[in-house]
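Reviewing the structure listed below.
The values are calculated or read from the model by the stated rules, or taken from the named source; none is laboratory data. If you're wondering where the values come from, they're calculated on a predicted model, not measured in any experiment. Using ideal geometry, Cβ is built from the backbone for each residue, glycine included, and neighbour counts are taken over all protein chains shown.
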Amino acid sequence: MPDPLAWISDELDTLDALSLRRHLQTHEGPQTATLMIDQQSFINFGANDYLGLAADDQICAAAITAIQTEGWGSGASPLVTGHGHSHAELEKKLAEFEQTEAALIFPSGFAANVGTITALASKGDMIFSDEKNHASIIDGARLSGARVRVYPHLDVDYLENLLSQAQPFRRRLIVTDSLFSMDGDLAPLAELAALAEKYDAMLMVDEAHATGVFGEQGRGVCEHLQVEDRVPVRVGTFSKALGGHGGFVVGSQALIDWLANRARSYVFSTAAPMAGSAAMIQALEIVKAQPHRRQELLERSKQLRQSLKQQGWNTGTSESQIIPVYIGQPEPTMKATQYLKEQGLFVPCIRPPSVPEGESLLRISLSFAHTPAMLEQLIEAMREIRTKLVT
Ligand SMILES: *Cc1c(COP(=O)(O)O)cnc(C)c1O
């Protein structure tokens, strides 16, 4: 009998041949500035744990206490019986932190984007999406049934042209990452807000990589660029700088009520464990009480970008703790990653389909948890690669 899935092996072989096949790596122990893989310790430049909170003692203690009082599983989706005390408390604290009327917690940032976009736009509407938006935004837009127009990265003139022709549509939704996850650059949020106002569009901003890192108080790029009151729909995730898991939306009470009724990834998915929310209440406290974590992180990012540029590397337009080093073809990029690994440095190689053909890169993620010596080691290894592998 022929194997109906035989085509998959062929496809995997093709990926192998193109240096595009990905493999799971398992680490032991906690996610910190170092990572233990196959009994070997690596300096971790791959995690999104920007503030070094993923294994924080106080956060872990908060989760343990919550397990003792609220148990582990949530039991159901939020509207049935799944919305527990710590969920409600986190939503309250999050709205206070973000200075919005209300907040809603989703099972993941991916679910927050898919659920929110599909609740805001449908057939008869038009969505405008930056070409470098996260996959969850792309998938939400596809699933919504609305017409989708993708505009070139950060190109507000192109977007304005699209918007000027979109008035016959019932509603318009502009959606963008605030801090782009591969390039580490920032969206022109003031310009986008002006366009949204001029062309009567909703503006939705995904702060996944910026929450806890950007802004005086750590609320993100909307705060940093002083446009919070012009962005009615703000998405974030607990899974990056806050060191936890889950996504959220903040905004008006009406928006949150609507999402709780209509965002299918909220309504039809079991609420995350209460203990995860208790942990994130503690993470918010740390973000509020310890601004030096984000300040030092951004300062070190700037210094590392300068060092890499001096060595001749192209770090593009990054302005953040996400520092891409563009190499181009997947094979030399893989080699660079392999070399770094031999030096005890874990730096992910990003290849198609995560980025377009010819734009393979090393993605360096900085964390507050890295020591100066760790950064020195990275700079030294990158210098060696520059002379040995890439000319
Ligand atoms: C990581 C990420 C998400 C998804 O968040 P998860 O909590 O990991 O599901 C959404 N948007 C952007 C921009 C991200 O980088």
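Summary table below
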read-out	value
Cross-chain or 6+ apart pairs with Cβ under 6 Å, segment 45-60 first and at negative phi and surrounded by 21 or more Cβ atoms within 10 Å (Cβ to Cβ), then hydroxyl-bearing (Ser, Thr, Tyr) and in a loop (DSSP other than H, G, I, E, B)	Asp49/Ser367; Tyr50/Ser367
Filtered residue count, segment 220-244, keeping only those that are closer than 20 Å to Tyr266 by Cα, away from the ligand (no atom under 11 Å from the Cβ) and not aliphatic (A, V, I, L, M)	2
Failed criterion for Val150 (all others in (1) away from the ligand (no atom under 16 Å from the Cβ); (2) not in a loop (DSSP other than H, G, I, E, B) hold)	(1)
Lone qualifier among Gln321, Gln329 - being over 27 Å from Gln39 (Cα atoms) and touching a helix residue (DSSP H, G or I) at 6+ places or on another chain (Cβ under 9 Å)	Gln321
Spans of strands (runs of 3 or more DSSP E) in segment 233-334 with at least 1 residues in contact with a Gly (Cβ under 9 Å, 6 or more places away or on another chain) and surrounded by fewer than 18 Cβ atoms within 10 Å (Cβ to Cβ)	322-328
Subset of segment 354-366 that is within 16 Å of Ile327 (Cα to Cα) and in contact (Cβ under 8 Å) with a residue 60 or more places away in the chain - its residue that is surrounded by the most Cβ atoms within 10 Å (Cβ to Cβ)	Ile364
Unique residue being crowded, with 19+ Cβ neighbours inside 10 Å, farther than 18 Å from Ala260 by Cβ and at pLDDT 95 or above when the list is Leu173, Leu90	Leu173
Among residues of segment 167-218, those that are in a loop (DSSP other than H, G, I, E, B) and of a type outside the set (Gly, Ala, Ser), counted	19
Unique match (being more than 21 Å from the chain's Cα centre (by Cα) and under 22 Å from Thr317 (Cβ atoms)) among Ala208, Ala194, Ala241, Ala187	Ala194
Subset of segment 176-194 that is touching a Leu at 6+ places or on another chain (Cβ under 9 Å) and among the hydroxyl-bearing types (Ser, Thr, Tyr) - its residue that is farthest from Asp155 (Cα to Cα)	Ser178
Some residue of segment 116-133 being surrounded by fewer than 21 Cβ atoms within 10 Å (Cβ to Cβ), among the aliphatic types (A, V, I, L, M) and more than 16 Å from the ligand (Cβ to nearest atom)	no
So Gly247, is it of a type outside the set (D, E, K, R), within 14 Å of the ligand (Cβ to nearest atom) and in contact with a strand residue (DSSP E or B) (Cβ under 7 Å, 6 or more places away or on another chain)	yes
Pair list, Cβ < 6 Å and 6+ apart or interchain, from segment 169-195 residues that are of a type in the set (Phe, Trp, Tyr) to residues that are within 16 Å of the ligand (Cβ to nearest atom)	Phe180/Lys132
Of the criteria (1) touching a Lys or Arg at 6+ places or on another chain (Cβ under 8 Å); (2) surrounded by fewer than 17 Cβ atoms within 10 Å (Cβ to Cβ), which one Phe180 fails	(2)
Boolean, Gln343 is without any contact (Cβ under 8 Å) to a residue 60 or more places away in the chain and not acidic (Asp, Glu)	yes
Any pair with Cβ under 8 angstrom, 6 or more apart, that starts in segment 94-115 at a residue that is within 19 Å of Asn48 (Cβ to Cβ) and touching a residue at least 12 places away in the same chain (Cβ under 8 Å) and ends at one that is near the ligand (Cβ under 8 Å from one of its atoms) and among the acidic types (Asp, Glu)	Gly109/Asp206; Asn113/Asp206
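Yes/no per residue for (1) of a type in the set (Gly, Ala, Ser); (2) in contact with a His (Cβ under 8 Å, 6 or more places away or on another chain):
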position	(1), (2)
Val249	no, no
Leu255	no, no
Leu259	no, no
Ser277	yes, yes
Ala283	yes, no
Lys288	no, no
Arg293	no, no
Glu296	no, no
Ser307	yes, no
